[in-house]
1. If you average the alpha carbon positions of the range 181-259 and of the range 10-37, how far apart do those two centres end up, in angstrom?
2. Could you work out how much longer the chain between ASP19 and ASP311 gets when fully extended? Use 0.36 nm per residue separation minus the Cα distance between them, nm to one decimal.
3. Run the numbers for HIS269 and ASP193: contour at 0.36 nm per residue of separation, minus the present Cα-Cα distance, in nm.
4. Nearest-5 percent of antiparallel DSSP beta bridges in the range 143-292?
5. If packing is taken as the average number of other Cβ atoms within 10 Å across a peptide's residues, how do 59-67, 343-351, 279-287 rank, most packed first?
6. Assuming 0.36 nm per residue, please report the length gained on full extension of the stretch THR151 to ASP62 beyond their Cα-Cα distance.
7. Can you figure out the FRET efficiency of ALA137 with SER9, using R₀ = 60 Å and their beta-carbon distance, to the nearest 0.05?
8. Which order do the peptides 375-384, 102-111, 141-150 take when ranked by the mean count of other beta-carbon atoms within 10 Å per residue, highest first?
Amino acid sequence: MPRHEALRSLFDDARVRPDLLRRRSPVRWGAVPPDVIPLTAAEPDFPGPRAVRDAVVAAVADGYFPYATPNGPEELLEAFSEVAEARHGIGNHPDRVVLAPGTAAALWGVVRLLCGKGDECILLDPVDLLFGQAVDAVGARRVYCPVDKRTGRLDTDQLASLVTARTALICLCNPHNPLGTVFTEPTLRAVEDIAAAHRVPILSDEVWGDIVYPPRTHISMASLDTGNSRRVYTVTGLSKTFALPGLRMGFVVAPTPADADALRLAFQHLGAAYSMTPCTQAGALAALRHGWPWRDAFLEHLQAMRDYCADRLNAIPGFSCGRPDGTYVLFPDVSALGLSSRAMGEFLLAKARVAVVPGTAEWFGPAAEGNIRISYATSRAVLEEALNRMASAVGELVPGGPAALQATGTP
């Protein structure tokens, strides 16, 4: 079998094993009853690259489990810097790279370094809950800047109007979770210009930067040659790219070596829990060096699943679903069905036995109401069964019931 075909076969239906996942995935399959299909956490249902598994096994094969240095091995910093330069144009700067146990920890560390009680932090709305949690934890105040849920457009004029003397940080999520927007260069430059005018740093969460569908490309904010480039903290990781969330591999590219040192000190103050383990470091190095063919095949599978799911969801009366340029989550609008996001999630769980993430303020901010989030990083067979169940159940909410579904051609 040609190598490309062998890689594509890694995402066949048989590769998703619900029986195993219910034991190994406590926040997704293991969190629901056996008859429920979870389309919840943005956690792939496929094993990650074999090279990563082999590296982790080799790291513990001798039975030694030593402490790890918080700064990490030089070869890992160099490997990440080389990838950041080659793929995203950030520049090869190992002395500006700070390791963290996962992207969430990296995000929290940057917020803690730059913000404090009484400060204001500008967040997108909707956006993943981690931003708000980090801001709340340091005693700062959330200031929401809306993103158009239908188009994914960020109104930079409105962003500029929200900056005050108390603004300590502008947080960007690009590609955007949950909308799947990949922000354009003009938008990114406008955000940097606003931040530069007020001397406000930017936290750019780019953990989804390698899950972007052609012809769109990801542009890293730190790669732009602007006046504020020296104030951008790029937060990223390997969990989404290589299906490795449990290894907790996060990175921050700080604006300068001095800023990196300050961030490392902030992590030290947060405790030893902010160090990556030796086997995690070994897995990260293997992913960066050898995981890209796997990622390419994964992206090809994801694009096919994106198109399939978007078409199926749009065929369900009351659903309206965009086609994201990045990520592997969909955020369909279900408001036409007359239920709140929370009620829709409860309805789908009870009637379809499918679990989704409701678009509530606690998960994604106030603007998320009216939507639900669906992860499609699984097999075609799982998605087909889940969408069949959803379409059948939603027929009960639509005038005409199942007949209305048949009129749309929905199975």
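FYI, it's all coordinate maths here, none of it is from the lab. Note that the coordinates shown come from a computational prediction; the quantities given were computed from them, not determined experimentally. Cβ atoms come from the backbone with ideal geometry, glycine included; neighbour counts cover every protein chain shown.
1. 32
2. 102.3 nm
3. Taking HIS269 through ASP193 to full extension adds about 24.1 nm, to one decimal.
4. Working: 5 of 13 bridges.
Taking every DSSP beta bridge with both residues in the range 143-292, the antiparallel ones total about 40 percent.
5. Working: 59-67: 9.7, 343-351: 17.8, 279-287: 24.4.
Those peptides, ordered most packed to least, come out 279-287, 343-351, 59-67.
6. Working: separation 89, 0.36 × 89 = 32.04 nm, distance 5.29 nm.
Separation in residues times 0.36 nm, less the Cα-Cα distance, equals 26.8 nm.
7. Values: r = 44 Å, r/R0 = 0.73.
Once the sixth-power term is evaluated, E becomes 0.85.
8. The peptides rank, most packed first, as 102-111, 375-384, 141-150.
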